Every structure is written in structure tokens, then in C-alpha cells.
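Presented below is the structure to which this report refers.
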Amino acid sequence: MHLVVCAKQIPDPETPPSAFKIDPQKNEVIPAPGIAPVLSQFDGIAAEAALRIKEKAGDTKVTVISMGAESAQQAIKQVLAMGADEGVLLNDPAFEKGDPHTTATVLAAAIKKLGHVDAVFCGRQAADWDWGEVGILIAEHMNWPVAIIAKGVELQDGKFRVQRVLEDGFQTVDVPMPSVITVSNEFGEPRYPKLQQIMQAARKTVTSWKSGDLGVDAGAVGAAGARLKLERLYIPEKEGKAEIMDAETPADQAKQLVEKLKAAKIL
Amino acid sequence: MGLSALGLYGCTQMSTGEELVRESFFNNVAPPGAVYLFLAALVGLLVYGFVRHASLWMIGKPHDQPILREIPHRLRNALRLGLAQDKVRRDRYAGIMHWCIFSSIVVLTLVTAQVAINDDGPVKFLKGDYLLFFRFYGDLFGLIGLVGVGMAMNRRYFQDHARIRWDERPEDHLIIGGLGLVLLTGFFVQTFRITVELFPDHVSWARWSFVAYGLAEFVRIFDFTEGQILFAHKLSWWTHVVLAFSWLGLIVFTRLDHLFFAPVNAFFLRTDSPGRLSRIENIEEREIFGVGYIQDFTWKQLFELDACVRCGRCTDVCPANLAGQPLSPMHLIQDLKGHLANVGPLVQRAGHEHGDARAASPLTMVGEVIRDETLWACRTCYACVQECPVMIEHVPTIVDMRRFLVMDEARIPATAQQALENLETRGHPWRGTSLERTSWMEGLGEVPIFDGSQEYLYWVGCSGALVERNLPITRAVFKLLRESGASFGVLGQEETCNGDPARRLGNEYLYQILADQLVQTFKSKRVQRVITNCPHCFNTFKNEYPQFDGRFEVLHHTQFLHGAVRSGALRPTHRVDASLTYHDSCYLGRVNGVYDAPRQLLEMMPGASLTEMRRSMSKGLCCGAGGGNMWQEEIGERRVNHVRTQEAVATGAQQVISNCPFCIQMFEDGVPAVQPEEDGRLRPFDVAELLERAVFGPDGGAAQPAAAAARGDRG
Amino acid sequence: MPRNVLVVGELSEGAPTSTTIELVGAGSRLAGGGTVAVTLLGNGAAAAAAATFPAGATKAFTSDDANYDQFRSDQWLAAVESAFGLASPDLVLMAQSLVGRELAPRLAFRHNTAAAMDCVHLADDGGTLKVTRPVYGGNALATFSFATSPAVATVRAKSQDPIEPKAGASGETAELPAAGEARAAIIGREKVEAEGLQLQDAPVVVSGGRGLGSPDGFKLVEELAAAIGKDKAAVGASRAACDLGWYPPSQQVGLTGKVVTPDLYIAVAISGASQHMAGCSGSKTIIAINKDPEANIFKSARFGIVGDYRQVLPPLIAAIKAAR
């Protein structure tokens, strides 16, 4: 089998709020000093899902692809260290500042270029723009079925049996191959790589493809091809500070709080 | 005692004018040379035992310290810790007991050796006054030995001492009972001998064998014939000789082997700081990183296993064990020792025949013989190492197995994994913190950034910067440094973890990356002197960074502040009026021996009164956070911090003072659990927070950058 | 300029969901005189259509085929495509639900346009539709316009107000074809119901986070909820706490969990990462209990107690019990 994992490098979602800043002119996040970008958490989990399939099925290749800056090599290496076999970086200025549609266009072109692929694993959404669309759009490009927000994936009789998270429980669906599966945090934590794999990953070379290699029209991707135009990016004004209970002891603070709630007719 | 006894007996020989000569093979007990057969058998057995053990040690890897360097230092250790038994004495009762038995065996062995030399050598020196003295001290140490045996039996059979039951084996009764019999039969031999030899003409000489003399007087009551007594002599002689040699033979098969292994292990003891874990050299080129199989230990670690006597002192002081968590250092060492005995020979054979000895172990050592949770429960607090009377170094052994779990197997508790991942991606272990490295600076005026022109780098550390509770400590240290007029700066945003938690958790690779980076940063900024907030940073900078060519003068903030108060640069003039108890953090106290500076600092604060906890100084108990347990869920009956908090509460003090951000957090967490009532609760503070109050007054002196600036002369 | 709006409605026990009513309301505000069509699929759809007209719909496309009851995106997509052909919409609105999350991108792809997900604000800016949605885990808001038409957007529950019901309003109805084939086969379905009150329905939600330090911490959180009343308060958890296995994922509040809008939300030992706030910021009153006075949660809370929850909750539980 050949499984593909889509991995995205994003600004650290755990950046302290005080360090999260936006350049209003460029409508861009200003990278917080000393805080390095990370692999989007859901993508790490997607890699975990693919690797578990690989371990069970045997004779399976896992390729990780990432569209992003040169620094996204780091995200690729992380998934390689977890046990993926090959890495492809899609790095081209033409790809930048796109939307889910253009991202999916580039990724789908790369997946097609990889040749035979049995399944694509994506995170349920990237933890920066939170669209949650790319996996679905890749499936549309490939004309494959998709199962989103998976908390469990198993290979069964040549199909994927996927446990999906619903609002009020879970659903089990069978998806034929090839298909796209997007994975949610309920799946479980990604594995901690063994040091030997980290070393091997460090020595692996990551293939780099540009728009020309993929045969995509540079005008149809990135900012030029985006169908959603970012008008404004801003930090919402918070209502300000809470009214903090100032009584001496926690017991008195608790009483004070209950009094306030009664006065405000909340309790 | 010896002297007074001499006085009592006087020089009996002189007055009688006759000379006592020791008759060889009195009573024709045995053909000459028979004893040498026993001796030869014993020596053969000892050699066999040694070779058998040694061949197992040799399956280990090279030790990371050259064992034949620093010989004087090592000999001192062997004498102090081996012969003088410095550590054995840390338990008074056992110390006395052990000294009695040990000295008795040594002296009586010398006594026997003298007899042999006298009998078969050219010079007969066992005669006259010396023979009397010889018999006197022979009896004396025989008696001392019996006292020791009595104390041991009392502890084992009457006091029901808990430690003894943890791993009691039949051989234990054999050793102690056997020794008692050897000593008793020795007295019997002497008794019967002098009954015939010295009575009734030389009773004054007989008195020198004061124990045998007493027994002889008793025997004489019964009016036995000489033939009967000589028969009894022969019988007891044979019993004594057979028992004595058999007992010595136990050395090969039982824990009696510590007789040799303990002093030798003292010689092998690390000569550098215990706070320094071994560096894995050329880590990038290795295929195995930790110790998952017995043959991956160093020969020294394997040797240590054989030195263990199951005394249980390590387990007795282990914080995890005290809290009912799944770690007993004694059982860990014993389990490894058993595993070595079981699979060592297989590994040896496989090693020779197939080259890959790894496959020879039928059980996985880490996981099956030693369970994962046992390794994770360790606080790396060194209490076990501190107490071990045979100088076993448990902590490096445990960390080596953690290295296997983390780097070779990637098997880690989820929360510890998160801490490690956070170290990798964010350079600090505090996942989800909402603070920045510079958050503590708010409202403190200008905070100098270290640029190489200042004398000291004030190293805040991740805990000091990113954990809310610790910000007041960081601020207090900063204000005190400024007030003292010291020339210092901080790194602010440029600080990253120095790797200590990664190393203790077993991720040596990550540690090396972080340490290498930081050494480069320090060098590029021309850092020479560092003041740390945290004893863990202190330890790794001081003891471990030299492994990475990072040699800096490192002070913990309590050391610096102590000096500043003594020199008058800081004046604690405001009363603090509080009863305090002081908690030694493991890495400032036990590991680095800094016990006095913080205590003296507390005593210099007006109105502070200090009460010690039940366990303090080198016997202090870990707060529970060490060894990466800050980031793990505890498994077991209780939490270590609750146990320690209970001890602090028991002093009746109002405040528990420590020097470590982790300890403070553990107390903050433990106090509400131990004291559900809010009134009169124990409050945890850092030494620096208290000194801040004493120097600046109860309002903390606000942020007064002007004070130091105005002084100018010292800045 | 009038705008034709198509709302992909959803049913719950034979009635349009409250989010469907909100979307129809938002649609009618944005339509500017254009049609507001709604699709309803599944058992009882035709009957349920009547409830959408007072809410602002002018047309309803329905199919009573029970095969639609369980969402299969291939089948639903085909049905929505038929409605799309009939309504020629300029704007398609869906809920940010199981349905919308999957259907919106697929529909957009098939019409060479784009879908904007999880919008909290929809506005007509001089004839241009602008949608605003939280990004960077809720740290920031981003406003987008569409370069292509029609615009497809999914909308967060409770972010849109329904319109004042138009009593007696009615509209056209049309029948959609029965369900066709789907590539993914539904094998099973498991409902995980929290005991008693559902998280989304509870007037009070008490949530615990990673700051609890251990799964045991939830005992106190549950006690607090019980003190408020088993019929009033439900217990939630932050994603960090759920990911650590301290509480069932079904109770996760946040961007990737449940969005709750209770009258009172009590956040215990939750730092208030934006990703969590996305799930609870619609609450009328938020109370924060946290050791860290700088915690983000205090910025959104109306009342706060700075302290260790272990010290704060027991007296709070006692005080609430006393007050009742």
C-alpha cells in the first residue's frame, strides 16, 4: 500500500496570548520572537493513524507531503522520524497566501505525481486557519470518498473501517480505497519517535517540488488563485478584566462570589 | 577496656619466672598440615567464586571513568567508606553491630594466621608476655563478635526490624547463627585447652584468656577426667575448624561477599560529583543508546549488583517507596543481580558463539524484570546512593534504563512525553503556559540584559519565568541582586532550557543538543559567572556542562545572597517574625552539599526561628518532583509531596522555606491536601522571598530601581 | 441588489434544528428581497418545512426519504445539488455541523467556488458579502470576501439571531429526489450520552481543564455541578484535559469539541486558550477560577477567583448549597 500524510507547519498555537501579534498592514501574524513554528497537532495524529495502518498491514510505504516554506522541512522530518518513509516539500512562492482551494489543488497535483496512492491522511483541520476543508477538497480533486474527523481507522477486507466523532457519539463507516481520511485529536497522541528513527530521518533527503514540477498553473494557485480574499485580520478586543473576588481567604471569596451571583440574579 | 584489663592482671609472667610457650597442635588434634587442606579448599573456592563473578562482570561495557586514575582519592574512599565504614554508621545500632562483627572477624583471622605462622614458621613468637596478650585480645574480640551476633539476632528475631524482612533468605540465618557457633566453639577450644594446660599451676596466666578462663572455672566444677576434657577439646577443635572454614566458604555463595566487594566498590566510586550523569559519547553514531539488556551495563554497574547486601537502607529512605509507589531501590538492584545470574552465562556463551549476545536474554530486562513504572517513579534524589553502605550508585543505573525506554523504545508516560515534546519544540517543559520569558520583569524598572560586560549572568530558568508561583521568587532574587550592587544581567527572551529535565527523564540526545547550544550561547556572550534560581540548573551547569566544554563559576542564589549579606551589601533589617522549617532541595543539599549557606541566611534575618524537620540535611526527603516527576502522574498510595508536607507541618512551623521552584510548587500543592483547614496553614516560600521581606520590609519595597542607581558607588 | 440564499437545513426529531432557524433568519436578512430557500431532508421533512416560513424562508425543498436521516455526504450532496439547480443561489448557508463541515467544501468545489467555514459574522458591506471567522485557534478574527460566486459559508451555532417570527407566513414547497448511492457505508452508530443533562442544553456548564492536575480533580468539578443542581448543570472539559484522558471526549468544550452557550459557564483551572474560548465565549456569564491571575480566561470572564481550585471549590460548593 501507499499512504500519504499531509502535514502543515504552523505558528505555535501555544504562543502565549501576550506574544501573539498581527501586522495590520500586511494582514499577517508577526512571528513571536523565540517561538518556533510547529507541526500542526492534528497532522501529527494523522501521521500516527497512517503509521498504525502501515504497522498492521506491512509492506506499506508512507509518504509525507507538506506545502510551505523551507522551514516546513522540520515538520516533514518529524513525521519521517515517527516512521514515514519519504518526504516531499512543496515549496514555491507561487503557492503562498492561498486558500483551502489552492492548497488542495497543489496537494492533489503532488499526490497524482506520486503515482499509485491508496489513501491520504490529513488532520481534521490545520490549527492556524482552522478551515477543515483541505482533506475534503483533495478527495474532490481525486474524486475519492472522504471520511472526516476520525477517531479510529482500521484496515478491514480492503476497506477502511473508520470511527468518526459526531456531536453526540460515534459513527462507524466503511470507506473503499482509495480515499481521504481526516483525523481528529480523539484518535490519541502521536507516537514519540525512537532516537534511531530521528537519526535516520535526519539523514533522509526531502524531495522538493515547485509549481513547474507539478504542472500546476502558477496563476491558479496561491494568492492569485485564491477564491477567498482576506480583507482583514485582527485580534478581537476582549471585554477586559474579570471582577476578581478580593476577600481574604478562598472561603470568603467563594461566599463573595455567591453573593455577587445572587445580586446579578444569576443564581 | 584493653588497658584496664592489662592493669588488672599485671605482668604475671615476670613474677613467676617461668615462660609460657604455645604448644603446637596441642592434644594432637590433627595431623600437621590438615588445616592447610581446609585453607587450600577455601582459597580454591574463593578463587572459583571470584572468577565466576568476574566473568559475569566482564560481559558489561567499559566504565566511563578511568578506574586507575586518582588512586590516592580512591584509596581514601576505600579506607574511609570500606574499612572505616563511614556509611554503615549512619544507622547507629547497625553501625555498632556491624563494627563488632567486622572487627571480630578481622582480628580473629589475624589471630588464626599468627597461630599458623607460629606453628609452621621458623620463629616461635607466641610465647611469654605476647602470648598472654595475644590470648587476651583473642578472647576480647571473640566476645565483641558475640556481642555483634547478639545485636544482630536481637534485631532480626526480637525487634522484628522491618527492613530485615523485605528480602530475608535462609542464608541470613546461616550466616548469623554460623558466626555465633564459630565464635562459641572457638571459646570452647580455648577453655578445654587451658583447663588441661594451665590449671592448677598457672591460673594467673589462664586469666588472660578471660572468657575461656571463666568457662574453665565452670568446667572444673564438674570434675571431669583429663581424658574427657581432652576429648572435648578435640571435638570442639574440629567443630570450630570445620565451621569456621565452612562459614568463610559462605563468602562465595552469600552476601558475605561484601567483605571484599564493599571496599573495592568504594575504590570504584565515582570521583566526580554524584550530580553528573554519564555523557553518551558520539551519540549520533550509535545504534543502542540506553541499557535495555544486562550486557549493556558497564562492568562497574554489574559489579555493584554483586556488592548489594540487601540491607534495605536505600529503600528505607526512597521517597517513592515511602509513598507506596512502585520503586524499591534494593529490590531493583536485587532483581538485576538475579537477572545477571540467570542470563549472564547465556549472554556469555551467545556472545562468544554468535557475536550478538542481545538475543540470549529470555526475559527483557527493562519491562519484565524491571517494570517501566518502577523506573519512572525514581526522583533521582540520591537518597539511596547517599545511604548505601556498599557504595552502589542506583541513580545512574536507573537513568541508563530510562535512556533505553525513551531513546531506544520510545516508551514514556504520556505526561512526561508532553514535557519532552515541549522541550523539543518550545525549549521549556511547561506546556500551555500563558507567560513569556520576560513576564516577570513587568514593573521592575529597567532589567539589564547580559552583554558580557557584567560580572554575573542571573539565570532565571524556565520554572522561574514561566510558572506563575515562581515569579515572585524570580523578582525577589532580581531585586536583591540589584540592591546588593552586583554587576549582573539576564538573558530574557534568549533563555532556553538547559536540558536538565531531558537528561533526568532519559533523553540524553535532547539534553546534548540543548546543552551544546547553551554552552555556545554562554561562550558567545562571554559568560563566566552564573547565578541560578534553581538548584537543578545549578547542578547541571556546575557538574555536567564541563562535559560539553562549558566551564563556568556557578552559584545558587542562596549562596550569592549569603555572601552579600555577610559582606554587608544586603542588610536584613526588617523583622520577619516567623517560625520556619527549612527543606533541603536534593540538588542543592544532598547532591552538591550546600546545607549551611541557606540556613545561615535564615538565621541572619531578624525574628526568624528555625526548626529542623525529622529528616533534614543529607537525610532530607525529596519534595516528589525530582527526576521528571514534576510532569508525571504519580502511581501509588500517596503522593511524595504529601508525605514531605506532613513532615514540615509536624514541626509546627508557620512557613516552610526552600530554595527550589519545584519544591515550592510541590509544597503549594501538598499543603491544602495535608491541612484542609485554612487557618494556620503552613506557607511555602523561597529563601529569597523571605530575604526580600527582611531587606525591603513587608511591602517588598515595591520596585525601587532608584535605590541602587542612586548609590552609584557599588553599581 | 437582491441575493438568492439557499440554506441547507437539518432536522432533529422531525423539526428544523435551532441552527436551521438561525440560518434562515440570517439568510433573510442578507437576501435583500431575494429568495430564501431551505432544504430539509429526511423523515418528516415536508411537515417540518412549515416551521421555516415564519423564520424567514420563502421556499422549501424537501424529501421525506428516511435514507437521508443519517447523513451520507454523497446522498445529501446530490439532493442539495438538485435544490441548487432550482434555487440558483448567490449564497449557500449551512451549519458548522457534521453536515456543513463536509458538504460545504464539496458543494463549493463542484461550483468552482469557495466555502468559508465556521463563520460567526455575516455582513453585507455595500453589496459585497463579508464573512468573519475565528482563526489561529480563536486568537484572531479574519474577515473574507468571495472572489467567486456563489458564496458558500458554514455558520457557527448560536452566532446568528433568528428573526422575529412572521406569524402565518407561508412559502412554496418542492419535492427533492429520493436518496441515491453513497460510497461510504455506515456500519454502526453509537450514542454517547452524558448522564442526565446534555452539555448543549444545560443552563449551567462547569468545566475543568489541565490545571486540575489529575483526573481526580474532576470529582470536585462534578461536586460543584451537583451542588448547582443535577437538572441545571452539566460538566465539560477542555481539550487538554480530554486529550490526557481525564474526561470523556464527548464532554469536550471548544473549537474541536462542543460549542456551548449556557447562562452560566464556570471554568475551573482552565487557562482559556482561544481554542477553548471558541466553545464557550457565547455564554452569558463566565466565571473563572484559576491560580494564574494572568490566565487568559480572566479576560473573558465576568467574575473571577484567583486561587487553587482545591481551596476554592469546597467553600464554593458549601456556599452554593447554602444559597439554594
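Derivation of every value follows stated rules applied to the coordinates shown; laboratory data play no part. Predicted model only: the values in this text are computed from it and were never measured. Cβ sites come from the backbone with ideal geometry, for glycine too, and all protein chains shown count toward neighbours.
Quick notes on this one:
- Prolate/oblate/rounded call for segment B:423-702, Cα gyration tensor, a/c under 1.5 rounded: oblate
- The calculated 222 nm mean residue ellipticity attributable to helices in chain B amounts to -16000 deg cm²/dmol, summing -39500 (n - 2.57) over DSSP H runs of n ≥ 4 and dividing by all residues.
- Helix-only [θ]222 nm of chain A, DSSP H runs n ≥ 4, -39500 (n - 2.57) each, per residue, nearest 500: -9000 deg cm²/dmol
- Between A:Asp252 and B:Arg371, the modelled label-to-label distance comes to 4.8 nm, taking each label 7 Å out from Cα in the direction of the beta carbon.
- Cα-based shape type of segment C:204-323, given that a ≥ b ≥ c are square roots of the gyration tensor eigenvalues and the cut on a/c is 1.5: rounded
- Taken residue by residue and averaged, Cβ atoms of other chains lying within 10 Å of the Cβ of C:295-304 number 6.
- With Cα atoms, 0 to 90° folded angle of helix C:217-228 axis to chain C main axis: 80
- Dipole check for chain C: with +1 at the C-beta of Lys and Arg, -1 at the C-beta of Asp and Glu, and the Cα centre as origin, the magnitude is about 800 Debye.
- What the Cβ-Cβ distance of C:Glu81 and C:Ala322 gives, at R0 = 51 Å and to the nearest 0.05, is a FRET efficiency of 0.30.
- Per-residue shielding of C:245-257, expressed as the average number of other chain Cβ atoms within 10 Å of the residue Cβ, stands at 3.
- From the C-alpha gyration tensor of segment B:624-681, square roots of 5λ in Å: 20, 13, 9
- Structure-based [θ]222 nm, chain C - -39500 (n - 2.57) summed over DSSP H runs of at least 4, per residue, nearest 500: -8000 deg cm²/dmol
- Protection proxy ranking, peptides C:45-58, B:249-262, B:163-176, average beta carbon neighbours within 10 Å, highest first: C:45-58, B:249-262, B:163-176
- Pair B:Phe125, B:Asn28: separation of 7 Å Cα→Cβ label points (nm): 3.1
- Relative packing of peptides B:464-476, B:34-46 - highest average C-beta neighbours within 10 Å first: B:464-476, B:34-46
- Helix B:661-674 axis, angle to chain B major axis (alpha carbon atoms, nearest 10°): 80
- Using a Förster distance of 41 Å, the FRET efficiency for B:Glu455-A:Gln197 (Cβ separation, nearest 0.05): 0.35
- As a calculated quantity, the FRET efficiency between A:Lys112 and A:Ser71 at R0 = 25 Å, using C-beta atoms, amounts to about 0.45.
- Ranked B:Lys124, B:Lys525, C:Lys59, criterion: other C-beta atoms within 10 Å, fewest first: B:Lys124, B:Lys525, C:Lys59
- Prolate/oblate/rounded label for segment A:2-225 (Cα gyration tensor, a/c 1.5): rounded
- Number of partner chain Cβ atoms within 10 Å, mean per residue of C:266-275: 2
- Highest average packing first - B:304-315, B:273-284, A:145-156, Cβ atoms within 10 Å: B:304-315, A:145-156, B:273-284
- Bridge type composition, segment A:2-225 - antiparallel percent by DSSP, nearest 5: 45
- Of all lysines in the structure, the ones whose alpha carbon falls short of 19 Å from that of C:Lys130, not counting any fewer than 8 places away in one chain, are A:Lys26, A:Lys97, A:Lys229, C:Lys158.
- Dipole moment magnitude, nearest 20 debye, the protein assembly as shown about Cα centre, only Lys, Arg, Asp, Glu C-beta charged: 1820
- Label reach from B:Val242 (point 7 Å along Cα→C-beta): in segment B:185-200, no amide nitrogen lies under 11 Å.
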